[in-house]
Ligand code: FES
């Protein structure tokens with residue numbers, strides 16, 4: 001799984017590939033993904049412009065950590081690297097980072 005900037009990626013670049021958008025995060029039974037639950041719990045977003053980007057970048061981070069766990073002391077750097085280029089004018093990023101950190105720590109096998 002790798003994040004793509006949808007605004008600058010031509011559709012031909014993903015021809016034949018599986019594409020997951022924020023609409024595909026919740027399970028088919030309507031259960032929200034743990035990241036979505038954590039974002040809601042921490043009031044991570046207000047307007048919703050930034051939320052899809054933060055969610056999908058966080059999902060890519062979780063996927064990456066499932067394949068390659070990191071030391072607990074590297075969590076904040078990993079979050080910064082994963083979502084640091086996303087812009088949110090509402091919440092000051094702290095709540096996003098808190099939510100992502102919580103999911104990483106609550107998901108077995110992501111940290112060593
Ligand atoms: S929630 Fe408003 S820009 Fe992110």
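Tabulated data
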{"quantity": "Test result for residue 34, within 20 Å of residue 111 (Cβ to Cβ) and touching a strand residue (DSSP E or B) at 6+ places or on another chain (Cβ under 7 Å)", "calculated": "no"}
{"quantity": "Test set (1) loosely packed, with under 12 Cβ neighbours inside 10 Å; (2) within 19 Å of residue 106 (Cβ to Cβ); (3) within 14 Å of the ligand (Cβ to nearest atom) - residue 83 fails condition number", "calculated": "(1)"}
{"quantity": "Lone qualifier among 97, 93 - being more than 11 Å from the chain's Cα centre (by Cα), within 16 Å of the ligand (Cβ to nearest atom) and buried (at least 18 other Cβ atoms within 10 Å of the Cβ)", "calculated": "93"}
{"quantity": "Residues within the stretch 27-60 that are more than 24 Å from residue 77 (Cα to Cα) and at pLDDT 90 or above, tallied", "calculated": "3"}
{"quantity": "Flag if residue 110 is in contact (Cβ under 8 Å) with a residue 24 or more places away in the chain and within 18 Å of residue 1 (Cα to Cα)", "calculated": "yes"}
{"quantity": "Subset of the stretch 30-71 [within 10 Å of the ligand (Cβ to nearest atom), buried (at least 18 other Cβ atoms within 10 Å of the Cβ) and not in a helix (DSSP H, G or I)]", "calculated": "44, 45, 50"}
{"quantity": "Selection status of residue 105, more than 21 Å from residue 2 (Cα to Cα) and in contact with a strand residue (DSSP E or B) (Cβ under 8 Å, 6 or more places away or on another chain)", "calculated": "yes"}
{"quantity": "Filter result for residue 9 (over 12 Å from the mean Cα position of the chain (by Cα) and touching a residue at least 24 places away in the same chain (Cβ under 8 Å))", "calculated": "no"}
{"quantity": "Pick from the stretch 1-17, criterion surrounded by 11 or more Cβ atoms within 10 Å (Cβ to Cβ) and assigned to a loop (DSSP other than H, G, I, E, B), ranking: modelled with the highest pLDDT", "calculated": "9"}
{"quantity": "Contacts under 7 angstrom Cβ, first residue in the stretch 80-95 being modelled with pLDDT under 90, partner more than 7 Å from the ligand (Cβ to nearest atom) and assigned to a loop (DSSP other than H, G, I, E, B), 6 or more apart", "calculated": "91/44"}
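The values are calculated or read from the model by the stated rules, or taken from the named source; none is laboratory data. Keep in mind the model is a prediction, meaning the values are calculated, not measured. Glycine also receives a Cβ, built like all others from the backbone with ideal geometry; neighbour counts cover every protein chain displayed.
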